[in-house]
Amino acid sequence: MTNLIHDLASAAALANPGAVALRDGGRECSFADLRKEIEVSANLMLGLGLERADRVAIYLEKRLETVVAMFGAAAAGGVFVPVNPLLKPEQVGHILSDCCARILVTSPERWDLIADTVSKCRDLRAIVLIGGRPVPEIAGLRMVNWSERLGAVARPAHRVIDQDMAAILYTSGSTGRPKGVVLSHRNLVAGADSVAEYLENTAEDRILAVLPLSFDYGLSQLTTAFRVGACAVLMNYLLPRDVIRMVVRERITGLAAVPPLWVQLAQLDWPEGTDQHLRYITNSGGHMPKPTLDALRGKLPKTKPYLMYGLTEAFRSTYLPPEEVDRRPDSMGKAIPNAEIMVVREDGTPCAPGEPGELVHRGIHVALGYWNDPEKTAERYKPAPGQLPGLPLPEMAVWSGDTVRKDEEGYLYFIGRRDEMIKTSGYRISPTEIEEVAYSAGAVTETAAVGVTHPVLGQAVVLVTFAVDNGDAASGRVLEACKRQLPAFMVPARIVARTEPLPRNPNGKIDRKRLATELGGMFEEAAS
């Protein structure tokens, strides 16, 4: 029985060693080769002094080495921390410092961008560089080339069990800095089991991995493929049309994407016969607009659509079976296999059908909490509702903060988010992080970032500002600061400069909800 995340590849190698596990452009790797690569990369990390549960950060685009480094860290007894390659140096530095990373795996080109920031991370001991170009030495850091793994001495890995940490995935938090969600081996393996069950994955599948591996939904494409011995095809795309070309060229059977990408893909022509091999598509990270779903189904009539909802804090939570899409296209479905999803009032009692309440997820997929943040963990991870009074140790569940309702047949419908996070292009963004950059420009007196409904992005980031003097010039300076310090998906789509201070709520805080309501229709023209 496979209980550890790195053993997924080993089990597949035993079942069918010659089957292709990964494709990366013109390169491919069998499961037997992948198992060997994971072993030698684990030996390299152990030789660098990796201790049990030490964190290994990987800052790379999707490529074979990224996957090998992630699973190699787990095989050594460490914890892998995939870092979104779109993040700026300051954000990368925060993640590495926060998780106390001991080893960083990256490329010389990426190291050049982050060296000044990352070299200040006090816990970092070694840099593993993928690529032959040398980089300047830094005192206190051991520089190692990826090729050295081939000569690494075989060493016994640290013993881990399925409840041990396997990965930390960083997601933005309402405090303004990304929070690290700690996932156990059990979380990841159980998630792969559940997803493979309802998607009916087999070793014959070819799954296209277009989403970031730092995103739980993106990582799931790998774990699900390895769980059933299927092939994962890695892709770093520039244009939506490139995705369609890859689907056709690689005869992809499963494609996962977020709503903004689906909106773009639905507007393009798909070659006739694509649905003969594209068995299913999945959506998560936001609601798929019905016109988009209808367009995709028209272009891919034999392809099954799976509409899903998930939390990084609990991997996947719900899915809508394809046969229910016509009856309830606005539904987020029911619980995935081996999970229970409850809708409860503030006191934890169950809501009646149709009554709005908070979504609570209990079961094996519930993560271990937020790294190094007991306060936020206590807010989100609380005892599951309805437990028997005689149970001495309460089971922890994820209280999502999302408001949903359940119909008479048990299908769930999303209503809204109880916090102020902005969800755009599948990313959860902290408004505070954007505001901090705006304030750093030294040009505004007040500012607030809000999410405004957008037909393509789900929500667009709008930054509302107030400056006593020179409002127009201030907006330009703020936008330049955002472009310089933030990844593209966090840069405001619009900056609205007000001539009066921002509105307050009764507590004296900036009234974000009022601002979002006032700006609600500003992107309606984008839908036409």
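Throughout, read-outs are computed from the coordinates displayed, never taken from laboratory work. Keep in mind the model is a prediction, meaning the values are calculated, not measured. In this analysis, Cβ positions are derived from the backbone assuming ideal geometry, glycine residues included, and neighbour counts consider all displayed protein chains.
Structural remarks
- All lysines inside 21 Å of Lys299 as judged from Cα atoms, apart from same-chain residues fewer than 8 positions distant: Lys290
- Gain upon complete extension [Lys290, Leu14; 0.36 nm per residue less C-alpha separation]: 95.0 nm
- Backbone amide hydrogens, once placed in the peptide plane, bring Ser107 within less than 5 Å of Ile130, excluding anything fewer than 5 places away on its chain.
- Whole-angstrom gap from the stretch 268-324 to the stretch 187-250, using each part's C-alpha centre: 14
- Rounded if a/c under 1.5, otherwise prolate or oblate - the stretch 277-382, Cα gyration tensor axes: prolate
- Since only Met288, His277, Pro321 are under comparison, the one whose Cα sits farthest along the positive direction of the charge dipole of the stretch 237-417, derived from C-beta charges on Lys, Arg, Asp and Glu, is His277.
- Counted over all Cα-Cα pairs of the stretch 398-492, pairs farther apart than 18 Å make up 52 percent.
- In summary, the convex hull built on the alpha carbon positions of the stretch 237-417 has an orientation-averaged projected area of 12.3 nm².
- The mean of 1/r over all pairs of different alpha-carbon atoms in the stretch 6-186, once inverted, gives a Kirkwood hydrodynamic radius of 16.5 Å.
- When the GluC sites (Glu not before Pro) in the stretch 341-404 are filtered for DSSP coil states and for at most 11 other beta-carbon atoms within 10 Å of their beta-carbon, the remaining sites are Glu346, Glu395.
- Beta bridges per DSSP with both ends in the chain, % antiparallel, nearest 5: 55
- Stokes-Einstein diffusion coefficient of the stretch 370-528, Kirkwood radius over Cα pairs, 4 °C, 1.567 mPa s, in µm²/s: 72
- Available extension along the chain between Arg249 and Ser440 is 64.1 nm, counting 0.36 nm per residue and deducting the alpha carbon span.
- For the chain, the membrane-span-like helices by this rule, meaning whole DSSP H stretches whose C-alpha atoms cover at least 20 Å of axis and whose Kyte-Doolittle mean is -0.5 or above, are 31-47, 185-199; this says nothing about an actual membrane.
- Range of Cα positions in the chain per principal axis (Å), largest first: 66, 60, 57
- Loop-located trypsin sites (Lys or Arg not before Pro) in the stretch 309-377 (DSSP state other than H, G, I, E, B) with a sparse environment of at most 12 neighbouring Cβ atoms within 10 Å: Arg327.
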